[in-house]
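The values are calculated or read from the model by the stated rules, or taken from the named source; none is laboratory data. All of these numbers come straight from a predicted model, not from anything done at the bench. Every residue, glycine as well, gets a Cβ built from its backbone with ideal geometry; the counts of neighbours run over all protein chains shown.
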Amino acid sequence: MAAKVSLVPVERIESHILMIRGHRVLIDADLAELYGVPTKALNQAVRRNSERFPGDFAFRLTPREMSEVVTNCDHLPRLRYSPVLPMAFTEHGAIMAANVLNSPQAVRASVLVVRAFVRLRRLMAANHELAGKLAELEGRVGTHDKAIQGIMKAIRELMEAPPDPPKERIGFHSDLKEQSRPRAMR
């Protein structure tokens, strides 16, 4: 029963994970909400511990990226007029942020965040595997199509009426006459 309760937050977290610069990330406002702290407090903790957040853990969005996020994510309209560009946290950055905040809610939520990232990774791997199998099937069907076409051609040839056998001539034939004469007359 506890597993069912934890699925709802994981699914909610998954819906907030975005793909930016080729990384799956959570925006600071979403991560702060999950960890139960104001966004300002989260970003302040990250600034104080900047050595723990290399570029592959967290990065600041560009103005263009921010406008795309605000346009595409209905749950982030408050970012539209924010004077500060938001931070994006990868899976490792989200875990590190929980460690830096060190609150019980952040620790519990970080487990859910990790599960959401892992689940997305599994789904992407399954999709990749499915795409490979579909490509393989298309290759097989392509060769089967050629084989089926060959079979259909053979069936059509069998369905065609055979050519008429040469008909024997009716009447007197000189070559037959020669054969039917006794040897002495030849």
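Of Glu91, Glu65, all but one fail to be in contact (Cβ under 8 Å) with a residue 12 or more places away in the chain, out of contact with any helix residue (DSSP H, G or I) (no Cβ under 9 Å at 6 or more places or on another chain) and of a type outside the set (Val, Ile, Thr); the exception is Glu65. Residue pairs whose Cβ atoms lie under 8 Å apart, sitting 6 or more positions apart in sequence or on different chains, and linking a residue in the stretch 12-41 that is over 15 Å from Arg119 (Cα atoms) and among the charged types (D, E, K, R) to a partner that is in a loop (DSSP other than H, G, I, E, B) and at pLDDT 90 or above, are Asp28/Pro86.
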